[in-house]
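Only one structure is covered here, and it is reproduced in the block below.
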Amino acid sequence: MSNYSGFIYKPARRSPLQVRIWGLDANGRPFSQSASAMEVNSHRVVLEEVAAPIKDNDVIGLSFGEKKARFRLLRLSVPGENGGRRAELEMVAPAVDDFWNHDTEATPTENRPAERRKTPRYRCTGFIAFSTEGPAVVRAQISDISKNGCYIDIEMPYPVGTALQVKISLMGATVDAPAVVASSHPGVGMGIHFDEHRLIGKLELEEVLAQLEHNILSKQGI
């Protein structure tokens, strides 16, 4: 068993947290399977019964209840007697709210991974329509949003640097903007960055972000 920095919450051995993971395996084949989360904290998780052949640093999707996030594989043990393996994963970017719905103690600041974004992002469920040059439009869901961009859940993401025109519908607001693909994770999705100077619906977006932050603080009793 690995040792994490910071505090960690361990679900009762008889009642592990059930999650689902999906993405592309080391052979480029899509996979989707259930797994048991035996240890979690605000941004890391240890899973058991992982059958998919994934490799270190792969980014995969993980869902817990209605929540979804992207995790990077840190370590994968050798297969056990039942063929399953133990996987240690880290959230690609720590969630603003409590992903696990448990009173896990926060990891000390000095042990947290650096957050590369200049503005906070918020988990959400919204819809996006986007296109490259030409009339074809692709529709998908977004799983988080910030002032600068959002993350699109899509199995076949576009390459980093692809220019897009996007239209987002979220909580009654509509946002239109040119954007560029900033990160791409096959089988999971892609992060995009808005052209803030040409964004239409900036005030509406700020109101949505304020409401999402208010919802989080309300859950925390603040």
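Quick notes on this one:
- Of GLY172, GLY189, all but one fail to be crowded, with 16+ Cβ neighbours inside 10 Å and at pLDDT below 95; the exception is GLY189.
- Among the criteria (1) within 20 Å of the chain's Cα centre (by Cα); (2) within 23 Å of SER131 (Cβ to Cβ), the one LEU212 does not fulfil is (2).
- Out of THR119, THR107, THR125, sole residue that is surrounded by 14 or more Cβ atoms within 10 Å (Cβ to Cβ) and either touching a Lys or Arg at 6+ places or on another chain (Cβ under 6 Å) or modelled with pLDDT of 85 or more (or both): THR125
- Members of segment 131-169 that are under 21 Å from ARG70 (Cα atoms) and buried (at least 20 other Cβ atoms within 10 Å of the Cβ): ILE142, SER143, ASP144, ILE145, SER146, GLY149, CYS150, TYR151, ILE152, ILE154, PRO157, ILE168
- Checked against (1) under 30 Å from MET156 (Cβ atoms); (2) modelled with pLDDT under 90; (3) β-branched (Val, Ile, Thr), ILE8 passes all but condition (1).
- Pick from segment 64-91, criterion within 17 Å of the chain's Cα centre (by Cα) and over 19 Å from GLY187 (Cβ atoms), ranking: modelled with the highest pLDDT: GLU88
- Scanning segment 192-208 for residues that are surrounded by fewer than 20 Cβ atoms within 10 Å (Cβ to Cβ) and among the aliphatic types (A, V, I, L, M) returns LEU199, ILE200, LEU203.
- 1 or more residues acidic (Asp, Glu), outside the structural domain of VAL208 (by TED's automatic domain parsing) and in contact with a Pro (Cβ under 6 Å, 6 or more places away or on another chain): qualifying strands (runs of 3 or more DSSP E) within segment 144-196: none
- Boolean, ALA136 is outside the structural domain of ARG70 (by TED's automatic domain parsing), of a type outside the set (S, T, N, Q) and not in a loop (DSSP other than H, G, I, E, B): no
- Residue in segment 135-151 that is more than 23 Å from GLY23 (Cβ to Cβ), among the β-branched types (Val, Ile, Thr), over 17 Å from the mean Cα position of the chain (by Cα) and modelled with pLDDT of 90 or more present: yes
- Residues that are surrounded by 13 or more Cβ atoms within 10 Å (Cβ to Cβ) and either outside the structural domain of TRP100 (by TED's automatic domain parsing) or within 18 Å of MET190 (Cα to Cα) (or both) within segment 33-61 comprise ASP58, VAL59, ILE60, GLY61, listed in sequence order.
The values are calculated or read from the model by the stated rules, or taken from the named source; none is laboratory data. These numbers were taken from a predicted model, which means no experiment stands behind them. Positions of Cβ are generated from backbone atoms using ideal geometry, with glycine treated the same way; all protein chains shown enter the neighbour counts.
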